[in-house]
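> Got a structure for you, written out below as structure tokens; questions coming shortly.
What follows draws every value from the coordinates through simple rules; no lab data is involved. These numbers come from a predicted model, not from an experiment. Cβ: placed from backbone, ideal geometry, glycine included. Neighbour counts: every protein chain shown.
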Amino acid sequence: MSTVDILVLDFGSQFTQLIARRLREFGIYAEIVPYFETLQEIRAKAPKGIILSGGPASVYEKDAYKPDAEIFNLGLPILGICYGMQYIMDYFGGKVQKASAHEYGKANLDLVNECQLFQDCTNGEIVWMSHGDRVEVLGKEFEVIAKSSNSPYAAVQNEKKKIYAVQFHPEVAHSKEGGKYLFNFAHKICGAKAEWNMKNFAQNEIHKLTQKIQGGKVLCGVSGGVDSSVVATLLYRAIKERLVPVFVDHGLLRAGERESVERMFSENLSVPLVVVDASEIFLNRLAGVCDPEKKRKIIGETFIEVFEQEAKKHNTNGEIKYLAQGTLYPDVIESVSVKGPSKTIKSHHNVGGLPEWMKFELIEPLRELFKDEVRALGKELGMPEEMLMRHPFPGPGLAIRIMGEVNKSDLELLRKADMIFLDELHKSGYYDKVWQAFCVLLNVRSVGVMGDNRTYDNTICVRAVEAIDGMSATFAHLPHSLLENISNRIINEVEGINRVVYDITSKPPGTIEWE
Ligand code: XMP
């Protein structure tokens, strides 16, 4: 059973979650709490060390975020990062000021003193700086352990007190050996053992879910995507038949989607998947609607209505007590410290559309994980690779990939083209190389010639993007020969399509989906 090795106090940096993530990569279990966590709560978690994260504020401002200063008397090693460093320096009598120029970007770290933090690390390695304030006078009893051309105090320590501070961000990927610095802190300085792994995490989560869900059932919306499938699998391991997985088929799915979800469930979980075929309702309501936002709204509202009706059927005696969701860490955009406990902020967003009676207690077992970690967890739970490596698929489905009105025949056309595109991507090995790929039906007709005949048919746009998290993306540079195959096959095999175009727009300025 993993306990907390390192407690990260969050001061609102956009990188805070990366600290926990880097440590996990080294087998160290870290938990993030708001900077105002009480001493009692900190003690109860019994960490071996504390990290103070970065943050957007200035420590010399009147209302600057400050933790309970008693953390310095817990006898635990402490590492401050960026704002965390500035807070430490300020607390120990140093001086922090606005820098004459904002230091942003790469810098080389000169290691100037023997220290455990940088043990076995390379001198001159690149680190990532991002700060507007800087330390002008060191705190009492601190010494410099590293500097960069712009930061004379890039890293400092008070070895006796085991307090360390760095001006740069070791947690971001640009800091080449940043993970090693964090590991040195956790392992060499705090004495944390590198015992965290996905297997432990899975066991621990299953145990926690079993403890938490003592009675009642858990409703879990399943979309066929990776996240909700992993949540359902995890819950199934914990509470077996008390899980009620509901899959709503809105008629806007890709070819074979529903069947593959059903197969996955019947092969991996012996709990019946509740499949609701609501395609007629969705398509009827979408008839004649062309505006993208209206389409999205109709789909969102209808989904909730259908989900609610289904939930009612399973809750005749009030047996449903929880609602499970596949919220991931990147979904929790609101910083824990800046906006108050983000747990509730995000959850409310997610269930905002649900009626009052359905606001069951939320279960979000993936909220500490990143997408690739969720995939690793799924693998640990024995889920099939095919399921785990799937591209993201939007809630409104194919409706936002058909320009204008959605109807059955256009859906069929799009499904056929999309199937060919994905098939070619799988065969060429490009499916796993791109982040997302799909076809869009443009509803633009153009003139063509096939054999001796004139055609006047529809256009398919092929879209493939590379991305890390979907927030930004670049169009994938697919080989021309592959694009040629795709175009030939779509035009030859899908009657009604006579032209294929490739979308060469990145995000920004475009979005990934067309609507
Ligand atoms: P955009 O089009 O905003 O898409 O660049 C970014 C990512 O989000 C997916 N997406 C959605 N996912 N519900 C979802 O679950 C939605 O309404 C939705 N809209 C876009 C999109 O497929 C891409 O991966």
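> Shape of the range 408-502 from its Cα gyration tensor (a ≥ b ≥ c, root eigenvalues): rounded if a/c is under 1.5, otherwise prolate when a/b > b/c, or oblate?
Because a/c hits 1.5 or more and a/b exceeds b/c, the range 408-502 counts as prolate.
> Once phi is turned into θ = phi - 60°, what whole-Hz ³J(HN,Hα) does the Karplus curve with 6.51, -1.76 and 1.60 give for every residue of the range 460-475, x standing for Gly and Pro?
These are the phi-based 3J(HN,Hα) values: 9, 9, 9, 10, 9, 10, 10, 7, 9, 9, x, 6, 9, 7, 10, 5 Hz.
> In degrees, nearest 10, range 0 to 90: what is the angle between the Cα axis of helix 480-493 and the longest Cα principal axis of the chain?
It is inclined by approximately 30 degrees.
> Sort VAL156, VAL226, VAL276, VAL447 so the one with the fewest other Cβ atoms within 10 Å of its own Cβ comes first.
Ascending number of Cβ neighbours within 10 Å: VAL447, VAL276, VAL226, VAL156.
> Using label points projected 7 Å from each Cα along Cα→Cβ, tell me how many nm separate ALA44 and VAL501, to one decimal.
Placing both labels 7 Å beyond Cα along the Cβ direction yields 5.9 nm.
> Can you show me the helix-derived [θ] at 222 nm for the chain, built from DSSP H runs with n ≥ 4 at -39,500 (n - 2.57) apiece and divided by the number of residues, rounded to the nearest 500.
-9500 deg cm²/dmol
> Helix 226-239 versus the longest principal axis of the chain: what angle, 0 to 90°, nearest 10, using Cα atoms?
That works out to roughly 70 degrees.
> Non-local amide H neighbours of VAL112 (under 5 Å, H modeled in plane, Pro and chain starts lacking H): which ones?
Hits under the 5 Å cutoff: ALA146, LYS147.
> Give a residue-ordered list of calculated ³J(HN,Hα) values for the range 402-412 (Karplus: 6.51 cos²θ - 1.76 cosθ + 1.60, θ = phi - 60°; whole Hz; x for Gly, Pro).
Per residue, the Karplus-derived 3J(HN,Hα) values read 10, 6, x, 5, 9, 9, 4, 5, 5, 4, 4 Hz.
> How far apart, in nm, are the 7 Å Cα→Cβ label points at ASN108 and ASN485?
4.6
> While we're looking at this one, here's another question. With the cut-off at 1.5 for a/c, could you classify the range 6-189 from its C-alpha gyration tensor as rounded, prolate or oblate?
Rounded, since a/c falls under 1.5.
> How far is helix 16-25 tilted, in degrees, relative to the longest principal axis of the Cα atoms in the chain, given as a value from 0 to 90 rounded to the nearest 10?
Tilt of helix 16-25: around 90 degrees.
> Would you be so kind as to identify which of CYS439, THR455, SER472 lies farthest towards the positive end of the dipole of the range 408-502, taking Lys and Arg as +1 and Asp and Glu as -1 on Cβ and the Cα centre as origin?
THR455
> Rounded, prolate or oblate: which fits the range 198-388, taking a ≥ b ≥ c as square roots of the Cα gyration tensor eigenvalues, rounded meaning a/c under 1.5, else prolate when a/b beats b/c?
Taking the square roots of the gyration eigenvalues as a ≥ b ≥ c, the range 198-388 is rounded.
> When only DSSP loop residues count, what GluC sites (Glu not before Pro) in the range 84-175 have their Cβ near at most 12 other Cβ atoms within 10 Å?
GLU114
> Still on this structure, I have one more. Can you sort PHE303, PHE185 by how many other beta carbons sit within 10 Å, fewest first?
In increasing order of surrounding Cβ atoms, one gets PHE303, PHE185.
> Along the Cα→Cβ direction, 7 angstrom out, place labels at GLU305 and GLU319. What is the inter-label distance in nm?
That separation, rounded to one decimal, is 2.8 nm.
> Among ASN73, ILE486, ILE497, whose Cα sits farthest toward the positive end of the charge dipole of the chain (+1 at Cβ of Lys/Arg, -1 at Cβ of Asp/Glu, about the Cα centre)?
Final value for the positive-end residue is ASN73.
> Need the list of aspartates and glutamates near LYS321 for cross-linking: C-alpha distance under 20 angstrom, and skip anything on the same chain fewer than eight residues off.
GLU205, GLU241, GLU305, GLU308, GLU310, GLU356, GLU361, GLU364
> Now for a separate question. Hey, fewest Cβ within 10 Å first, where do GLU368, GLU493, GLU177 land in order?
Listing GLU368, GLU493, GLU177 from fewest to most nearby Cβ atoms yields GLU493, GLU177, GLU368.
> OK, next. Calculate the translational D of the range 161-228 in whole µm² s⁻¹ from Stokes-Einstein, where the hydrodynamic radius comes from the Kirkwood formula applied to all Cα pairs, the temperature is 37 °C and the viscosity 0.692 mPa s.
204
> Students often forget the sequence filter, so: which lysines lie under 27 Å Cα-Cα from LYS193 once same-chain residues fewer than 8 apart are removed?
LYS45, LYS48, LYS160, LYS161, LYS162, LYS176, LYS180, LYS208, LYS371, LYS379
> Which trypsin sites (Lys or Arg not before Pro) does the range 107-205 hold that lie in a coil by DSSP with at most 15 other beta carbons within 10 Å?
Filter output for the range 107-205: LYS140, LYS160, LYS161, LYS193.
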